[in-house]
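To start, the structure under review is shown below, and the notes come after it.
The values are calculated or read from the model by the stated rules, or taken from the named source; none is laboratory data. Here the structure is a predicted model, which means the values were calculated and not measured. For neighbour counting, all protein chains shown are included, and Cβ atoms are generated from backbone atoms with ideal geometry for every residue, glycine included. In case anyone asks, the SASA skips ligands and DNA or RNA and just uses the protein heavy atoms, side chains included. Shrake-Rupley method; radii C 1.70, N 1.55, O 1.52, S 1.80 Å.
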Amino acid sequence: MFEILKRQEMADGTVVLNEISAPLIAKKAKPGQFVILKANETGERIPLTMAITDPKKGTITIIYQVVGKSTALFKSLQVGERFQDVIGPLGKHTHLEKLGTVVCVGGGTGVAVMHPITKGLKDVGNRVIAIIGARTKDLLILEDEMKAASNELHVCTDDGSYGHHGFVTDVLRDILKKEDVKLVVAIGPVPMMKFACQVTDEYKVKTIVSLNSIMVDGTGMCGCCRVSVGGKTRFACVEGPEFDGHQVDFDELMKRLNAYKEEEAVAYDKFKCDCQAG
Amino acid sequence: MEEKTAKKDKIPRQPMSEQEADVRKRNFEEVPFGYTPELAMKEAERCLQCKKPSCIDGCPVAVDIPGFIKLIKEGEFTASIRKVWERNSLPAVCGRVCPQEIQCEELCILGKKGDPVAIGNLERFVADNERNHGTGELPPKARSTGKRVAAIGAGPSGLTVAGDLILKGHDVTVFEAFHKPGGVLVYGIPEFRLPKEIVYSEVNFLERLGVKLECNYVIGKTISIDELFDQGFDAVYIGVGAGLPRFMNIPGENLIGIYSANEYLTRSNLMKAYLFPEYDTPIVKGRNVAVFGAGNVAMDAARTAMRLGAEKVRIVYRRSREEMPAREAEIHHAEEEGIEFYLLTAPTRFMGNEKGRVTGMECIQMELGEPDDSGRRRPIPLEGSKFELECDLAVIAVGAGANPILTQSTEGLDINKWGYIMADPLTGKTTKKGVWAGGDIVSGQATVILAMGAGRLASNSIHDYLTWGW
């Protein structure tokens, strides 16, 4: 189990796609749910929301950005090799219902998470406007897939190297000015979700975000992933990962995501060093 | 008879030698070294071999205590472990973590005048001896019945059910949500109190008996109980543990460096964060540590923090020493290692810095009033007694609640108002046909051996059901 069947480097090798054999999880998984992966005996448990699930083939696909030791270790796994542990599907799935016009905003690898949700929202009959963005053209992922999954796609790059020159929030604001939008789903880096929520708050449009807190067990046992939502502490792993974005304390989340910054640097440096030595 | 008693009383209770407090408080190796065969035989000599032994009544799984001790006395260690295995599949664990002082040893007749027989130490010895020098020969198994049982949760309760039913000829599979078996024995109890190698060895014993183990299965998510029945299981035992951490709901509790005991211990024990960066999981290493609560879990957290290099570790508890729920031996070990106790003290809020890290806490002193529902005297805040303490790591060990993942996803399983599963106290039967439950998910947070006792009752009932249909 958990063999890597397909491996693809994207966005200049900073983002990696792994299609993994996990028949039980693939059978149960729904858009918005995540898995916890552990590469080897000494590895960390890392939560990642699934980008694609294929129950017939019995596979799940994750797309992740290489940001530290654990994701670098994931990247080092080749086709035919295995993740030691994959646990899931975890968390609540996205609530998909027909509302009218909805906007899906995805940034960075958040686009991967957004893809099945976008498709799901369109499949139940919504008119889906998708906005995806990246820092620069080379870092953009899943443009074609998002185009197919939505009715209308807007692409943004921070440096103007492709599509709209600017942030996804600029395009979001333009759309909210013109259209009667019933729901916005925003998934990406925490600052992007925070600013997207500020924009939608101005237009009083309900906004769902998917939070990527640090987790250990992912089943509500440890409370590592706790986030403040509407002044209350919630567990992202079992009560989320999706929450009403207007209620989320993003500043607290951002700080908590940096909890182990120093340790992560130590681990990553050691890994790079070991790799060179090995 | 009197003469015999007098003679045996002359041998004092044999202590186990242990690592010096100053040394052990900075390492994760086990604290006591265990008996040598000579010491074990000497201690076994003290047992009076009572005709009506009350010690057995104190054991939740009714181990034949005089029986296995007699065999130790005779130097028949293999026969002795077999005697224990008749009733207990996890003796190396129980010998270490059972609260014998309020169970078997409390009822030992020798305890009336002096020290009771060190039953726990002897159980530990005979299990360790088998693991290190044993023949590896397995106990006899009943003929296969062709019936399939699923035990959910590879903790003490589920493993007991697995051990019991495999010997009775049933085909048992244990499903575990974590990536390793053992439950609280692996994620909760630290290495220095229960080396993980011992837990894996006990699990391996069950596997050698034929128990199948499936890790990474979150029942209710990966697969449901009804699907297990569809796959051909005839009975299901739920022993998933409590699994929901309690917080104190005071301001600042989400600052970095504030952990639930579950998270702190899971990082250190299961994920081996104490070996970071050889292992990838990090953990906040505090210099000034506060642990809230005074049960065994709090002692484990405090002693772990000390071993991770803390300068100061405080147990902060709102009641007095008398009400502390931890075993006396654990409190004693913690004190020896320099853990300080701030009794009749409760936190009111945490303070943090611009990075969102905890830097201190505000506390208030308490006094004890009239007894509350639990029968313990209720702590009442003393006005004007607030004070501040520095702290860069806080662990909240004030108990656990019921994790809803499995119960919410299972039709027909009645739960009480706290979310615990309703199960018959004598059989472990739930309101769902073919489903039993026991351990912390029924009783609320308790001990390893009580979870094992519940597993024993349920396995008897499951065996009856599979054999006779009731």
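Please work out whether the stretch A:121-203 counts as rounded, prolate or oblate from its C-alpha gyration tensor, where a ≥ b ≥ c are the square roots of the eigenvalues and a/c under 1.5 means rounded, while otherwise a/b larger than b/c means prolate and anything else oblate? Taking the square roots of the gyration eigenvalues as a ≥ b ≥ c, the stretch A:121-203 is oblate. Take every Cα pair under 8 Å whose residues are at least 6 apart in sequence, average their separation, divide by the length of chain B, and the relative contact order is 15 percent. Counting only heavy atoms of the protein chains and using a 1.4 Å probe, A:ASP274 has close to 80 Å² of accessible surface. When the pairs A:LYS92/A:LYS206; B:LYS168/B:LYS429; A:LYS28/A:LYS69 are compared against a 25 Å limit on Cα-Cα distance, A:LYS28/A:LYS69 fall above it. Annotation: the antiparallel percentage among DSSP beta bridges lying fully within chain B is about 40. Of the residues A:ILE131, A:GLY68, A:THR118, the one whose Cα sits farthest toward the positive end of the charge dipole of chain A, with +1 on the Cβ of Lys and Arg and -1 on the Cβ of Asp and Glu, is A:THR118. Between amide H atoms placed 1.01 Å from N, distances below 5 Å from B:MET422 occur with B:ASP414, B:ILE415, B:ASN416, all of them 5 or more places distant or on a separate chain. A:GLU179 sits with roughly 60 Å² accessible to a 1.4 Å probe, with DNA, RNA and ligands left out of the calculation.
Among the helices of chain B, those built from whole DSSP H runs whose Cα atoms reach 24 Å or more along their own axis and whose mean Kyte-Doolittle hydropathy is at least 0.5 are B:448-468. For the chain pair B and A, buried accessible area totals roughly 3700 Å², probe 1.4 Å, rounded to the nearest 100.
Computed in the context of the full set of protein chains, the accessible area of the protein assembly as shown at 1.4 Å probe radius has 50% of its extent on carbon or sulfur. Compute, for the stretch A:121-278, the length of the dipole vector about the Cα centre, with Cβ point charges of +1 (Lys, Arg) and -1 (Asp, Glu) only. Units Debye, rounded to 20. Value, rounded to 20: 360 debye.
Heavy atoms of the protein chains alone define the surface here; on that basis the protein assembly as shown has 42 Å² accessible area per residue at 1.4 Å probe size.
Ranking of A:CYS275, B:CYS108 by solvent-accessible surface, largest first: A:CYS275, B:CYS108 (1.4 Å probe, protein heavy atoms only, all chains present). With contacts taken as Cα pairs under 8 Å at a separation of at least 6 residues, the stretch A:67-207 carries a relative contact order of 24 percent. With every protein chain in place and a 1.4 angstrom probe, the accessible-area ranking of A:VAL238, B:VAL313, largest first, reads A:VAL238, B:VAL313. Residue-normalised convex hull volume from the C-alpha trace of the protein assembly as shown: 179 Å³ per residue. Ligands, DNA and RNA excluded, the heavy atoms of A:ASP251 present near 80 Å² of accessible surface to a 1.4 Å solvent probe. Restricting to bridges with both residues inside the protein assembly as shown, how much of the DSSP beta-bridge set is antiparallel, in percent to the nearest 5? Antiparallel: roughly 50 percent of the beta bridges in the protein assembly as shown. In order along the stretch B:350-356, the phi-based Karplus estimate (6.51 cos²θ - 1.76 cosθ + 1.60, θ = phi - 60°) of 3J(HN,Hα) comes to 10, 10, x, 9, 5, 8, x Hz; Gly and Pro are listed as x.
Computed from point charges on the beta carbon alone (+1 for Lys and Arg, -1 for Asp and Glu), the dipole magnitude for chain B about its Cα centre is near 560 Debye.
Sorting A:VAL79, A:VAL171 by solvent-accessible area of protein heavy atoms yields A:VAL79, A:VAL171, largest first, with a 1.4 Å probe.
A cut-off of 5 Å between modelled amide H atoms, ignoring neighbours fewer than 5 places along the same chain, links A:SER161 with A:LYS137.
Contact residues in the stretch A:214-241 by the 10 Å² criterion (accessible area, 1.4 Å probe, full protein complex versus chain alone): A:VAL216, A:ASP217, A:THR219, A:GLY220, A:MET221, A:CYS222, A:CYS224, A:ARG226, A:THR233, A:PHE235, A:VAL238. Around the Cα centre of the stretch B:18-89, unit charges on the Cβ atoms of Lys, Arg, Asp and Glu (plus for the first two, minus for the last two) sum to a dipole of about 300 debye. Specify whether the C-alpha gyration tensor of chain B places it in the rounded, prolate or oblate class, a ≥ b ≥ c being the square roots of the eigenvalues: rounded for a/c under 1.5, otherwise prolate if a/b is larger than b/c and oblate if not. Note, shape of chain B comes out oblate. Shown in residue order for the stretch B:137-145 are the 3J(HN,Hα) couplings computed by the Karplus curve 6.51 cos²θ - 1.76 cosθ + 1.60 at θ = phi - 60°: 5, 8, x, x, 10, 6, 4, 4, 9 Hz (x for Gly and Pro).
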